[in-house]
């Protein structure tokens, strides 16, 4: 976990109140006129933000706890639908939603107001959890994950909008980290609660429980935004805030589609989905994914959509308010920074989807123990992100942090790899996850702040949105590769080394973590070897990604010199 909304101090003689630039809006000093569709949100001003911060902490605590518990319940939920091998595909879907929705949801909130935007996101969040809690087949289960991803990402964006609107630029870096502080507590509570649910109830209870808790925890913020929404009617009547004239329905729809870049969003979603989802699907029988005509056709169509997306986003007449400002990539430093963010997120996503299953099966671990091991990375990433943000604020330099922590990611990956190759030194995995959490947390924050410092003031919002998007795309691609590796290599290893088992038994081991963890004797030894083998392959791919990331950082420093 890292803090993507941290700001570098404004340059001397260049004051800038970024407001909503972090989420895709241009800065106030050089922005074009705001469309009528996006004006409502600017009417909200928080003169006494203390109760806002309390509401943010309260909601963030429950959403953070839910993320911890849901991530640990996901393997059990997927196994009940014989979908354990498709966990990576589920995370690909969530990463695609995360990549696409951030900037549009901010503009959407500008159109309908924060109050209504909160209601929509909370409804999607709860609907996703209720649907998975009562799902009877894998199709409803997958749909529930999409709804949950929309609601969860939407709430995160709206919380950041509240932080941005309630703080001044000099203090925004500190308060932008506020929603992540509860994670330092829930990282210990989440695994314990998930283990309690699995031991004494059913995974469905966990999802249904948080479908109720999240709306209740959001009540303070909903009530506050509702009060401000009602006060807008009075504020619009003031001379300095002109009322918005009613536009014909057709013009309003056209303005909304232009502001949200609906076509760009659809092309981006279609391209990523067609390129990544088929790769993460489990193989059909013993046929490789890449030997299936449907997969090749899907990838080909995805590439076509990708080319169309570049053409659309590059044409100012077709996309006057594009989802991506591709012109900023002409700056080599910004391009390299985006690549580094992409590589950092992709590297961890190569093994993260099945990390819990790996620990639980190979270490004969309980849900609580495996959950605590999985929480090491985000825990240390959160702490390091907080510390480096303060360090950059007081030293005024981000390069020294990038240079100091770049080699640490590669070293940490080698330590984890050593732990997977030697089952009796599992503590190496624990040490490696802690180190890589520290390094990725520092690099993400430092690189984003560095990109914001390099960019012109009118491009800060576009640069931040680009970094957020490339980070999410990296997660999607890493999860997709992880799914391809686990789907094919785990199946091949089980079939090759367990010839005495019938196809149905191997399929149960492959698709159900409970069945795999319940095996004993020689079969369990081969299952553990299979999980260790596939995890080692994933880590080798991650090591290659870190080497590419380090090369890009060296190139970046040479260009700056």
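Coordinate-derived values only; no laboratory data. Since the model is a prediction, treat every value here as computed from it, not as a measurement. Cβ sites come from the backbone with ideal geometry, for glycine too, and all protein chains shown count toward neighbours.
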Highest first, please rank the peptides 400-412, 462-474, 440-452 by the mean number of other Cβ atoms sitting within 10 Å of their residues.
440-452, 462-474, 400-412
How high is the relative contact order of region 249-370? Use alpha-carbon pairs under 8 Å, at least six apart in sequence, and give a whole percent.
23 percent
Quick one: length gained pulling residue 297 to residue 404 fully straight, 0.36 nm per residue minus the C-alpha distance?
34.1 nm
Residues of region 300-323 with the amide nitrogen closer than 20 Å to a label point 7 Å from the Cα of residue 251, along Cα-to-Cβ, please.
320-321
Extend 7 Å from the Cα of residue 529 along its Cα-to-C-beta direction; within region 466-501, residues with backbone N under 17 Å of that point are 489-501
Highest mean packing first, using Cβ neighbours within 10 angstrom, the peptides 414-420, 103-109, 298-304, 216-222 sort as 103-109, 414-420, 216-222, 298-304
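Kindly rank 339-349, 52-62 from highest to lowest mean number of other beta carbons found within 10 Å of each residue.
Values: 339-349: 25.5, 52-62: 19.1.
Descending mean neighbour count gives 339-349, 52-62.
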Measure out, as a whole number of angstrom, how far apart the alpha-carbon centroids of region 384-408 and region 116-144 sit.
39 Å
Beyond 27 Å, what share of the Cα-Cα pairs of region 326-561 remains, rounded to the nearest whole percent?
39 percent
Among 372, 317, 227, rank each residue by its count of other Cβ atoms within 10 Å, from fewest to most, as a rough exposure measure.
317, 227, 372
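How much length is gained if the chain between residue 314 and residue 495 is pulled fully straight, taking 0.36 nm per residue apart and subtracting their Cα-Cα distance, in nm to one decimal? Don't jump to the answer; show the numbers that get you there.
Details: separation 181, 0.36 × 181 = 65.16 nm, distance 4.89 nm.
That pair, residue 314 and residue 495, stretches by 60.3 nm at full extension.
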